[in-house]
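What follows is a short report on a single structure.
Please treat every number below as a calculation from the coordinates, not as lab data. Bear in mind that the values here come from a model prediction, so they are computed numbers and not experimental data. All Cβ positions, glycine included, derive from the backbone under ideal geometry; neighbour counts span all protein chains shown.
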Amino acid sequence: MGVTMESFTNWLLEELDERGWSRSEAARRGGISASMFDKVINGHARPGLEFCKGVARAFGMPRPEAVMIRAGLLPPLPEETHNLKEANLLLAQLSDDEQEMLLTQMRALVERRRGLVVERA
């Protein structure tokens, strides 16, 4: 099921309702302009990165990625397979420098794959 603005705004409204907050209260807590919050809720503007960061801040979410996924700015997270679980456990055992080195290599592999896909198209 794809992400729609309607599902995103419904989620926002449900979150506000659960907290007993007004739109302006959520905007204040997230450092977002109240008018921008209203524009997104009313479908007159699409949420961007800063808006999603502000919503995450307002709702006490430690990372904005979940909001960005709901807004359609990021793809949904992949299903957590055995390999992903193992990779996460192994990565956690490495130093920050070693983790960054592996992440750099992984990014390069993904970019290379994207380039191959574009060339074939």
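Below, the figures for the structure above:
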quantity	calculated
Answer from Arg46, Arg28, Arg70 - the residue that is in contact with a Gly (Cβ under 9 Å, 6 or more places away or on another chain) and not polar (S, T, N, Q)	Arg46
Pairs with Cβ under 8 Å, 6+ apart, first in the stretch 62-75 and of a type in the set (D, E, K, R), second part of a loop (DSSP other than H, G, I, E, B)	Glu65/Leu74; Arg70/Val3
Residue ID - farthest from Leu73 (Cα to Cα), chosen from residues in the stretch 2-42 that are of a type in the set (Val, Ile, Thr) and assigned to a helix (DSSP H, G or I)	Ile41
Matching option when the condition is over 22 Å from the mean Cα position of the chain (by Cα), more than 14 Å from Phe8 (Cβ to Cβ) and outside any helix (DSSP H, G or I), among Leu90, Leu94	Leu94
